[in-house]
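Structure, as C-alpha cells:
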Amino acid sequence: MSAETLIPAALAPKYRQRSPLYFAWRRFTGNKAALVAGAIVMILILMAIFAPLITPIGPEQQAFLTQALAFPSAEHWFGVDDLGRDFYTRIVYGARVSLTIGFSAAAFSVLIGIPLGALAGYYGGKVDWFIMRIIELFSVVPPLLAAMLLATLTHGGFFTIVLIAALFGWVNVCLLVRAQVKSFREKEFVRAAQALGASPWYIIRRHLIPNSISPIIVGFVLAIPLAMMLEASLSFLGIGVPPPTPSWGQMISIGLNFMFFYWHMAVFPTAALAITVLATTLFGDGLRDALDPTLKGR
C-alpha cells in the first residue's frame with residue numbers, strides 16, 4: 001500500500017512537497033519589518049517613476065519666487081525653498097536621482113562581484129589569494145575619502161558617482177558569491193559535470209552561479225543603500241550631482257544654512273534619505289534571512 005493511500009484526501013495538500021521559494025516567501029512574510037520596508041521601497045520606486053504625474057511642477061521651475069522660504073502649507077506640502085521652487089516636487093524628483101544611482105551602482109557591483117567571486121571560490125589557490133588581496137586593499141581604504149578624491153578629480157556628476165559606488169560596492173557581492181561557490185564546488189552535480197568533461201567556465205556559468213542566486217540578490221539589494229549614502233555624502237560636500245538637479249544630499253547641505261529659521265529646508269530631505277536607506281536596509285536583511293535562514297542572527 002502506497003503512502004498516498006494512507007493519507008486522507010483532505011490532508012494531502014499539507015504533505016505535498018513545497019519548493020524552497022515557498023518556504024523563503026513564508027519566512028519573508030513572517031518578518032513584519034521587512035514586509036513594511038518592502039512596501040515603502042515599492043512606494044518610493046513608483047513615486048520616482050511617476051514623478052511627473054504626482055507633481056505637475058518641474059523640479060527646477062522657480063514658480064514661487066514671491067513665496068521663497070515659505071513654510072509647509074496646504075498649497076505647498078513641504079514648503080518652498082530659497083529659490084522659489086516647490087520643495088515637495090524637489091523631494092519627489094530627488095527620490096528619482098537617489099534610487100537611480102542606488103540601483104545602477106548595485107547592478108555594476110553585481111557585474112563585477114559575480115565573476116570575481118566565482119573564480120575565487122572555484123579555483124582557490126593563487127587565484128583566490130590574488131582576489132582576496134584586492135578585496136583587502138579596498139577594505140582598508142575609507143570609501144568616502146577615496147570617493148571624495150575621485151569625485152574631485154573627475155568633477156563629480158551622475159555617472160562618476162555610479163562608478164565610484166560600484167567600485168566600492170562589489171566587495172560584499174564578491175565575498176558572498178565566493179563563499180557560496182566554495183561550498184558548492186565539491187557537490188555531486190559539480191563532480192558529475194567534471195566527469196562528463198565540462199569546462200570550468202561551463203560549470204561556473206551553468207551550475208555554480210545559478211545556484212548562488214540567493215546571495216547575489218541579497219548583495220544587490222544591500223548595495224543600494226550604500227550607494228545612496230555615498231551619493232548623498234558627496235552631494236552634501238558639493239562634489240556630487242551638480243545643481244539644479246535635485247539631490248537629497250545637496251538639499252540637506254543647503255538646508256543647513258537655514259536650519260535655525262526655516263527648519264523644513266533641512267528636515268524633509270534628511271527624513272526622506274533616512275527613511276529610504278532604512279527601508280532598503282531592512283528589506284535587504286529580510287531577504288537575506290528568508291533566502292538563507294542559517295545567516296539569521298549573525
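The values are calculated or read from the model by the stated rules, or taken from the named source; none is laboratory data. As the structure is a prediction and not an experimental result, all values here were calculated from the model. A quick note on method: Cβ atoms are made from the backbone with ideal geometry, for glycine too, and the neighbour counts reach across all protein chains shown. Side chains are part of the model used for accessible areas, which takes the heavy atoms of the whole protein and leaves out ligands, DNA and RNA. Shrake-Rupley method; radii C 1.70, N 1.55, O 1.52, S 1.80 Å.
Pairs only if they're at least six apart or on different chains, beta carbon under 9 angstrom, first in the stretch 151-163 and touching a residue at least 60 places away in the same chain (Cβ under 8 Å) and within 10 Å of Ile239 (Cα to Cα), second of a type in the set (D, E, K, R) and crowded, with 17+ Cβ neighbours inside 10 Å; list them, first residue then second.
Filtered contacts from the stretch 151-163: Ile161/Glu231.
I'd like the full set of residues that are open to solvent by 20 Å² or more (accessible area, probe 1.4 Å) and part of a helix (DSSP H, G or I), limited to the stretch 147-170.
Residues satisfying the conditions are Met148, Leu149, Leu150, Thr152, Leu153, Thr154, Phe158, Phe159, Thr160, Leu163, Leu167, Phe168.
Has the stretch 97-107 got any residue that is in contact (Cβ under 8 Å) with a residue 60 or more places away in the chain, in contact with a His (Cβ under 9 Å, 6 or more places away or on another chain), open to solvent by 20 Å² or more (accessible area, probe 1.4 Å) and not charged (D, E, K, R)?
No, the conditions are met nowhere in the stretch 97-107.
Residue under question is Gln194, and the condition is that it be open to solvent by less than 60 Å² (accessible area, probe 1.4 Å) and assigned to a helix (DSSP H, G or I); does it hold?
no
I'd like the full set of residues that are touching a residue at least 12 places away in the same chain (Cβ under 8 Å), open to solvent by less than 80 Å² (accessible area, probe 1.4 Å) and assigned to a helix (DSSP H, G or I), limited to the stretch 116-133.
Hits for the stretch 116-133 are Leu116, Gly117, Ala118, Leu119, Ala120, Gly121, Tyr122, Asp128, Ile131, Met132.
State whether the residues of the stretch 171-185 include one that is within 25 Å of Ala272 (Cβ to Cβ) and surrounded by 23 or more Cβ atoms within 10 Å (Cβ to Cβ).
Scanning the stretch 171-185 turns up no residue that is within 25 Å of Ala272 (Cβ to Cβ) and surrounded by 23 or more Cβ atoms within 10 Å (Cβ to Cβ).
Of all residues being in a loop (DSSP other than H, G, I, E, B) and open to solvent by 10 Å² or more (accessible area, probe 1.4 Å) in the stretch 222-240, which is nearest to Leu167 (Cα to Cα)? Just the residue, please.
Looking at the filtered set, the residue picked out is Ile239.
Please find, among Gly219, Gly249, the residue that is buried (at least 21 other Cβ atoms within 10 Å of the Cβ), without any contact (Cβ under 8 Å) to a residue 60 or more places away in the chain, in a helix (DSSP H, G or I) and under 21 Å from the mean Cα position of the chain (by Cα).
Gly249 is the lone residue from the list that is buried (at least 21 other Cβ atoms within 10 Å of the Cβ), without any contact (Cβ under 8 Å) to a residue 60 or more places away in the chain, in a helix (DSSP H, G or I) and under 21 Å from the mean Cα position of the chain (by Cα).
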